[in-house]
Amino acid sequence: MTIRARFLGVLCRPSFAVAIAAVTVFVGPATANKDPVKPEQLKAYEEAFMEEVRKGDLLFHGDPAIAKQMSVVLSNTGVACAMCHPMTADTHPQAFPKFQASMAKFATLRDMINWCIEKPMQGEKIDSDSEAMKALEAYIYWSNSGSVLVPGKY
């Protein structure tokens, strides 16, 4: 008798099937997070996210005070992101990462944000892990909430 046949024979035994069922019922399915998120934690997460969205909104609309506070120069032409993308129109964050023809390379949303800052706005590239980049990204994603994720489209 082969090992496979023996294994299948063991699986067919009622006692083995009952044991597996019992383990499943009493142990339950494995979960990624052992502790569920509490409402007060969820509220704190939401508040932190919305604070980033608020900062990103100000940066996106060209607020000089927040740009100075975050030590960034997003534009040297007086143009703000919102002048070309009112209400983040045509930013399509759900489509990244993708091949970006205007950059002639595979790009992330952060790459595209920096391209816009450097090219049309003639500002200074910002670090991809900076607070300013995270705030801009948070605002763009928040403004496009509900968009279906379709990497590579547009």
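Values in this text are rule-based calculations from the coordinates and carry no lab data. Treat the numbers as computed from the prediction; the structure is a model and nothing was measured. Note that we place each Cβ from the backbone using ideal geometry, even for glycine, and neighbour counts take in every protein chain shown.
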Open item on the list: Can you classify the range 74-120 as rounded, prolate or oblate using the Cα gyration tensor, where a ≥ b ≥ c are the square roots of its eigenvalues, rounded means a/c under 1.5, and otherwise it's prolate if a/b beats b/c and oblate if not?
Closed with: oblate
Open item on the list: Multiplying the sequence separation of Val73 and Met103 by 0.36 nm and subtracting their Cα-Cα distance, what value in nm do you get?
Closed with: 8.7 nm
Task: Local electrostatic count at Leu136 - Lys and Arg +1, Asp and Glu -1, tallied over other residues with Cβ under 13 Å - done: -3
- [ ] Would you please classify the overall shape of the range 38-154 from the alpha carbon gyration tensor, given that a ≥ b ≥ c denote the square roots of the eigenvalues, rounded means a/c under 1.5, and beyond that prolate means a/b larger than b/c while oblate covers the rest?
- [x] oblate
